[in-house]
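Everything below concerns the one structure shown next.
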Amino acid sequence: MDWARLRLTEGRRFDAPGVPPLAAEHAVVQQVAMRIRDLGKGGARPGDFADLALAASRAGNVDAAAMVLEYEADAARTVRMLLEWNRGELALARAVANMERDLVYMVLIYLEKRLRLSDLLETVRACPEAWPYLERYARDNDRGLLRRIYHQENRDVESGNLLLEDAAKASVCSIQLAIISLSVANEK
């Protein structure tokens, strides 16, 4: 493992004549991953790639670190590390690929706190499998967010249905009327 850590953190990085830096970086990461898998005879231990990624990021090479995490088996650790490095899109894709609802929600909350609504929606559109998670999270935990999403996406029918649901949940008739009146006023 020391050779892999050294290869990912060495000072001259991934310079190769005539090869774009990102392609050279990608080739080195693949080489390291394949050698670790070969040495492990069937696979590396969980955490090996995360440790290498951490070393690469500490050496200032976050791009290579993020690439190394593609080989890490521990999705929770991978997602947390990607979020620490402000790689929200990658973290969302990894969480969705592992179909772990709590991880996806963690990433969505992270993104919601750091991005404008339009940027959040663009990020989720880049990973379409995350859209149902976003809607479910907002429906269960933040109906105001769901209302803003529907408004931003021009989904008027869903927005109207959401307002009717909120009115139906209200226990007092005057509150129901106020909710519906407020929604009509906002639409004008």
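A single entry from VAL68, VAL107 fulfils the requirement of being assigned to a helix (DSSP H, G or I), within 30 Å of GLN30 (Cβ to Cβ) and modelled with pLDDT of 95 or more: VAL107. Quick check, is LEU54 surrounded by fewer than 20 Cβ atoms within 10 Å (Cβ to Cβ) and assigned to a helix (DSSP H, G or I)? So LEU54 fits the description; yes. Scanning the stretch 73-80 for residues that are farther than 14 Å from LEU103 by Cα and surrounded by fewer than 21 Cβ atoms within 10 Å (Cβ to Cβ) turns up at least one hit. If the condition is being closer than 14 Å to CYS127 by Cβ and not in a helix (DSSP H, G or I), then the stretch 79-99 contributes ARG87, ASN98, MET99. Restricting attention to the stretch 81-91, which residues are surrounded by 19 or more Cβ atoms within 10 Å (Cβ to Cβ) and out of contact with any Phe, Trp or Tyr (no Cβ under 9 Å at 6 or more places or on another chain)? Answer for the stretch 81-91, where residues must be surrounded by 19 or more Cβ atoms within 10 Å (Cβ to Cβ) and out of contact with any Phe, Trp or Tyr (no Cβ under 9 Å at 6 or more places or on another chain): MET81, LEU82, ARG87, LEU90.
From the list PHE49, PHE14, the one residue that fits, being at pLDDT 65 or above, of a type outside the set (D, E, K, R) and either open to solvent by less than 60 Å² (accessible area, probe 1.4 Å) or in a helix (DSSP H, G or I) (or both), is PHE49. Across the stretch 121-144, the qualifying residues are those that are within 15 Å of the chain's Cα centre (by Cα) and free of Cβ contacts under 8 Å to residues at least 12 places away in the same chain, and the one among them that is farthest from ARG87 (Cα to Cα) is PRO132. When the stretch 57-72 is filtered for residues that are surrounded by fewer than 19 Cβ atoms within 10 Å (Cβ to Cβ), over 20 Å from ALA126 (Cβ atoms) and in contact (Cβ under 8 Å) with a residue 24 or more places away in the chain, the ones remaining, listed by number, are ARG58, ALA59.
Looking only at the stretch 123-136, decide whether some residue is over 30 Å from ASP63 (Cβ atoms) and surrounded by 14 or more Cβ atoms within 10 Å (Cβ to Cβ). The answer is yes; a qualifying residue exists. Does ARG147 satisfy the criteria of being open to solvent by 50 Å² or more (accessible area, probe 1.4 Å), among the charged types (D, E, K, R), within 30 Å of GLY60 (Cα to Cα) and over 12 Å from the mean Cα position of the chain (by Cα)? Here the answer is no, as ARG147 does not meet what is asked.
The values are calculated or read from the model by the stated rules, or taken from the named source; none is laboratory data. From a predicted model like this one, the values you see are computed outputs, not experimental measurements. Every residue, glycine among them, receives a Cβ derived from its backbone with ideal geometry; neighbour counts consider all protein chains shown. Surface accessibility is based on the protein's heavy atoms, side chains included, excluding ligands, DNA and RNA. Shrake-Rupley method; radii C 1.70, N 1.55, O 1.52, S 1.80 Å.
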